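> Once you've had a glance at the structure underneath, I'll fire off some questions.
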Amino acid sequence: MESGSKQLSKYVEDLKFKDLSEEVVYRLKQHILDTLGCIFHGFPSHSASITRKLLLGKVEEATIIGTNKKDSCITATLANGVALRQSEYLDYLPSPLNPFAVCHPSEAIPAALAIAEKVDSSGKDFLLSVFISYELHGRFCVAMRTSSLSAAGFHHTTLGYLIQPLVIGKLLNLKAEQLANAMGISGCMANAGIIDAEEEEFAEVKNIAYPIAAQASIIATLLAKDGFTGTERVLEGEKGFMKSILRENMDFDALLKGGERPWIFETRLKPYPIVGAGIGIIDATLNLVKKYSINPSDVENILVKSSKKTVTHICDPAKKHPKTKESADHSAYFLVAVAILEKKVTPDLFRDDVLSSLLSNTTVHELSDKITFEVSPELNDPKLYPAAEVIIKIKSGLEYSHKALYPKGHPKNPMSEKEVEEKFLQGASSILGENKAREVIKAVYRLDKMRNISELTELLRT
């Protein structure tokens, strides 16, 4: 029997743009636009600014989004990838069978865009490569039936070492054997789980985890293009992905054959710049705060009910009073408290100066101390993730509750085209100017008509 990497590589080699439905292409454009917006949202951050200092400026292959510069495809992948991840606004894809298996398919887009620009790809070729990321991330997640990378002690971006080579290999027109070699070279690396561990304060290294995987994938793929060989049985072999990292067998049928419909339809866009697990909690909290005009001084206590995944991942007492941005946007305590205090959860609250004030705010700390969490059997259904119920008891004795079964962004409650565009404009307009930002929107919608991806990337520079 052929190895898993060989079978996936044949699937990627055989895939054609004509295989994508109009609805899939439309969704790809929505997620690409959203991803570009997230990069602009993360552009001014400390993490992204430091990363851009690494620019070499000797090889002009790919655009550093938000600047007037181009650099090597490897450096552009790092700079743009860090800005994307730092924003915490990027999309997310949870397995409908195992919510502990969650990934961010859009993290493959910066490397795909950089390679596409380097080799003068068409818009269709770029769209097809992006589709591969969403499809394979979904397949890997659903193939992990009972375990997850985090449970095994590895960060979910470990998948990037396996998937990204196939995404960019498609843009380089590699054959199946070359693709399998690229996967076998890159896939021999992994990210330690402490990057995103409960009971640990998160740090900026979180923002660089996938970009480093993407850089390694570019190197691996370029090596494989010229005949360098990799481990063929990187998935199922002795000490391979399944045995050494995942520590269980995967459902190979789900991985190799796919689902009933493309996985991009299960991927959620975020209405708030926070961890995906917290979307339902904030939906419910803001509903109550606005509906009943609840102020911090009114609150007696707060009970939050959600899934085991949510309670485990973001209701960790160690992050009750976070010290970093990376912990703050993953702390349900902090996010609920801020939602009550500010009556919103928006990107401006995570700017360095504003966030610093909120992290030390006495009212935020007092509200955080009034919150308790519990796992709800009803909301533990993976298909409802990240559903949540919030119950706020006020000092008068009244109690208000709201259950967000299908939070904004869920496939049953998706963000509208207008909402996606507004989110993009909020991030891009301050850097490009509103007129040019609107030109980017138009360009993304005509990607499938572009002969050269430079028609888009030129608009992403200042």
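The values are calculated or read from the model by the stated rules, or taken from the named source; none is laboratory data. A quick note: this is a predicted structure, and the numbers were derived from the prediction, not measured. We place every Cβ from the backbone using ideal geometry, glycine too, and count neighbours over all the protein chains shown.
> Output yes when any residue across the range 136-143 is surrounded by 24 or more Cβ atoms within 10 Å (Cβ to Cβ), modelled with pLDDT under 95 and either small (Gly, Ala, Ser) or more than 20 Å from residue 212 (Cβ to Cβ) (or both), and no when none is.
Checking the range 136-143: at least one residue is surrounded by 24 or more Cβ atoms within 10 Å (Cβ to Cβ), modelled with pLDDT under 95 and either small (Gly, Ala, Ser) or more than 20 Å from residue 212 (Cβ to Cβ) (or both).
> Out of all the residues in the range 407-438, which are loosely packed, with under 15 Cβ neighbours inside 10 Å, free of Cβ contacts under 8 Å to residues at least 60 places away in the same chain and either of a type outside the set (D, E, K, R) or more than 30 Å from residue 289 (Cβ to Cβ) (or both)?
Across the range 407-438, the qualifying residues are 413, 416, 433, 434, 435.
> State the number of residues belonging to the range 36-77 that are aliphatic (A, V, I, L, M), crowded, with 21+ Cβ neighbours inside 10 Å and more than 22 Å from residue 354 (Cα to Cα). I'd like the intermediate steps shown before the answer.
Here is the first cut: in the range 36-77, the ones aliphatic (A, V, I, L, M) are 36, 39, 48, 50, 54-56, 59, 62, 64-65, 74, 76.
Those left that are additionally crowded, with 21+ Cβ neighbours inside 10 Å: 36, 39, 48, 62, 64-65, 74, 76.
From what's left, more than 22 Å from residue 354 (Cα to Cα): 36, 62, 64-65, 74, 76.
Residues meeting the conditions: 6.
> Looking for whichever is acidic (Asp, Glu) and over 28 Å from residue 406 (Cα atoms) here; the options are 342, 366, 378, 374. Which one fits? If you could, list the steps in order and put the result at the bottom.
Details: 342 fails: over 28 Å from residue 406 (Cα atoms); 378 fails: over 28 Å from residue 406 (Cα atoms); 374 fails: over 28 Å from residue 406 (Cα atoms).
Just a single option satisfies the conditions, and that option is 366.
> While we're looking at this one, here's another question. Grab the helices (runs of 4 or more DSSP H) fully contained in the range 310-370, keeping just those with 3 or more residues being surrounded by fewer than 20 Cβ atoms within 10 Å (Cβ to Cβ). Don't jump to the end; show me each part of the working.
Details: elements: 325-328, 332-342, 352-359, 362-368.
Hits in the range 310-370: 352-359, 362-368.
> Shifting gears a bit: Return the total of residues in the range 1-51 being among the basic types (Lys, Arg) and more than 12 Å from residue 127 (Cα to Cα).
Count: 2.
> For the range 313-322, check the following and say yes or no: at least one residue is under 22 Å from residue 404 (Cα atoms), small (Gly, Ala, Ser) and not assigned by TED's automatic domain parsing to the domain that holds residue 203.
no
> If you go through the range 341-361 one residue at a time, how many are touching a residue at least 12 places away in the same chain (Cβ under 8 Å) and either farther than 23 Å from residue 270 by Cα or among the aromatic types (Phe, Trp, Tyr) (or both)?
Residues meeting the conditions: 2.
> Among the numbered conditions (1) buried (at least 18 other Cβ atoms within 10 Å of the Cβ); (2) under 20 Å from residue 312 (Cα atoms); (3) in contact with a strand residue (DSSP E or B) (Cβ under 8 Å, 6 or more places away or on another chain), tell me where residue 384 comes up short.
Status for residue 384: all satisfied but (3).
> Assess whether residue 81 counts as being crowded, with 24+ Cβ neighbours inside 10 Å, out of contact with any Gly (no Cβ under 9 Å at 6 or more places or on another chain) and either at pLDDT 95 or above or not assigned by TED's automatic domain parsing to the domain that holds residue 441 (or both).
yes
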